[in-house]
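Participant: Pasting a structure here, questions to come.
The values are calculated or read from the model by the stated rules, or taken from the named source; none is laboratory data. The model shown is predicted, which means the values in this text are computed figures rather than measured ones. Counting neighbours? That spans all protein chains shown, and the Cβs are built from the backbone with ideal geometry, glycine included.
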Amino acid sequence: MIIILTQCFPPTIGGIENLVENLSIELSKTYKVLVLADHQDKKNDNYYDSKHDTNLVIKRISGIKFFRKRKKLTELKKLISSNKISHVIGDSWKSFELTIDTLNSQSIPSICLAHGNELIIKKPSKKIRVVSVLNKVKHIVTNSNFTVSLIKDIGIANKNVTSIYPGAKNTSHLNQEIIQGIDGQPVITTLARLEKRKGHAYILSAISKLRNKFPNILYIIAGSGVEFENLKKITSELDIVKNVIFLGDINENQKKYLFKNTNLMVMPTLDESKKHSIEGFGIAYLEAAYYGIPSIASNVGGTPEAVIHNETGIIISDMSELYNSLKELLSNKSKLNELGQKAKLRAENDFTWVAIGNKYLQLIKNLDN
């Protein structure tokens, strides 16, 4: 049985939640998987948990964070005594901080996921904690080669590091749920949390100029977050309210309708590493790619690994390039289509959860040798 220790799990929405959920489901096709997850919202958590089959068991741990970590350790010790645990996977170093010594004392192989932001550390005391944990785990799996560089930069001596990109969920087989009002031309979309580093404000500025060439251009902002009020204010100040729709969080069925009606995915992320925030990879680019949608991204963090410049989209090196890149690509339908088709092929070949799950299964097999 594989144990997955996680503080980030659905129905909470987020990139790490997406990764841990789909990895758990994929591994449960081969192993019995027990997820030890945090209890965030009893009603929603229970509804989500009830939908999964018996090969994927989810056990929620409640209480304040200090006690949740210790309750998980207690649960883990009970499971260890049953001699049924083959491997333990943790969503980050935090999930191993109290458990890794116990696992190592029982020679149980551990795999720790690394995403990016949690490795940008300013406090010396925290750095000591992170390095100590990651040096003790059996293997580290990063979400990009960029995140491998962060591992090296903070002085981790553990050489057992593998980069495995996250899978991207293909929603094209689902029944679509219509979203009213998406009738612009062209339609560009950003699917992300509303955070400064996602670059929404720069896109809004570009939209105000682009509407001179594309009067019916429509910019869809899907997601929620702390920047919502600020982005609404910018939209009003630029007088582009008719060209922008704020959707908030959307479900998978709505996502299908959104992507079926989108021409271009745009998310030029910022380097906010001084504020402990950077894009380690970028699953949303690949989710759009399944629909033949190319992306415009920035040369920051792991995004150039998610979007290949002039092959599956455009990588800009500076925000000053955003307007011209948007104008040129939206004006060139043949290039837009060519990049979109290459993006689709890459997603279907390399980023299905079956393909990504197989890489994890091979890694688990190698740990046993």
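Participant: Test each condition in (1) over 19 Å from residue 362 (Cα atoms); (2) within 23 Å of the chain's Cα centre (by Cα); (3) of a type in the set (S, T, N, Q) for residue 102 and report the one that comes out false.
Facilitator: (2)
Participant: Take the residues in region 301-330 that are among the polar types (S, T, N, Q) and either touching a Phe, Trp or Tyr at 6+ places or on another chain (Cβ under 9 Å) or in a loop (DSSP other than H, G, I, E, B) (or both), then tell me which one is farthest from residue 164 (Cα to Cα).
Facilitator: Filtering region 301-330 for residues among the polar types (S, T, N, Q) gives 303, 310, 312, 317, 320, 324-325.
Next cut, either touching a Phe, Trp or Tyr at 6+ places or on another chain (Cβ under 9 Å) or in a loop (DSSP other than H, G, I, E, B) (or both) only: 303, 310, 312, 317.
Details: 303: 14, 310: 23, 312: 19, 317: 25 Å.
Applying the filter and picking the extreme gives 317.
Participant: Could I ask something else about it? What are the residue pairs meeting all of these: first residue in region 290-306, first residue within 23 Å of residue 333 (Cβ to Cβ) and surrounded by fewer than 24 Cβ atoms within 10 Å (Cβ to Cβ), second residue among the polar types (S, T, N, Q) and modelled with pLDDT of 95 or more, Cβ atoms under 6 Å, and 6 or more apart or on different chains?
Facilitator: The qualifying pairs are 292/341.
Participant: Taking the stated definitions as given, is residue 111 modelled with pLDDT of 95 or more and either crowded, with 22+ Cβ neighbours inside 10 Å or assigned to a loop (DSSP other than H, G, I, E, B) (or both)? Let's see the steps before the verdict.
Facilitator: On the way: modelled with pLDDT of 95 or more: yes; either crowded, with 22+ Cβ neighbours inside 10 Å or assigned to a loop (DSSP other than H, G, I, E, B) (or both): yes.
So residue 111 passes the test.
Participant: Among the residues of region 121-148, what is the count of those that are surrounded by 13 or more Cβ atoms within 10 Å (Cβ to Cβ), out of contact with any Asp or Glu (no Cβ under 8 Å at 6 or more places or on another chain) and in a helix (DSSP H, G or I)? Lay out the reasoning, then the answer.
Facilitator: Let us first name the residues in region 121-148 that are surrounded by 13 or more Cβ atoms within 10 Å (Cβ to Cβ), namely 121, 127, 129-148.
After this cut, where a residue has to be out of contact with any Asp or Glu (no Cβ under 8 Å at 6 or more places or on another chain) as well, the list is 121, 127, 131-132, 134-135, 137-143, 147-148.
Going one step further and asking which of them are in a helix (DSSP H, G or I), we end up with 127, 131-132, 134-135, 147-148.
Summing the residues that are surrounded by 13 or more Cβ atoms within 10 Å (Cβ to Cβ), out of contact with any Asp or Glu (no Cβ under 8 Å at 6 or more places or on another chain) and in a helix (DSSP H, G or I) in region 121-148 gives 7.
Participant: Taking the criterion of being in a strand (DSSP E or B), farther than 30 Å from residue 145 by Cα and in the same structural domain as residue 6 (by TED's automatic domain parsing), would at least one residue in region 60-68 satisfy it? If you could, list the steps in order and put the result at the bottom.
Facilitator: Applying the first criterion (in a strand (DSSP E or B)) to region 60-68 yields 60-61.
If we keep only those that are farther than 30 Å from residue 145 by Cα too, we end up with 60-61.
With the extra rule that they be in the same structural domain as residue 6 (by TED's automatic domain parsing), the set shrinks to 60-61.
Yes.
Participant: When residue 241 is evaluated against the numbered criteria (1) surrounded by 20 or more Cβ atoms within 10 Å (Cβ to Cβ); (2) more than 27 Å from residue 12 (Cα to Cα), which criterion, by number, is the only one it fails?
Facilitator: Single failed check for residue 241: (1).
Participant: Considering every residue within region 175-195, establish whether at least one is among the acidic types (Asp, Glu) and closer than 13 Å to residue 222 by Cα. Please lay out each step first, then the result.
Facilitator: Here is the first cut: in region 175-195, the ones among the acidic types (Asp, Glu) are 177, 183, 195.
Of the ones still in play, those that are also closer than 13 Å to residue 222 by Cα are 195.
The answer is yes, given that some residue of region 175-195 is among the acidic types (Asp, Glu) and closer than 13 Å to residue 222 by Cα.
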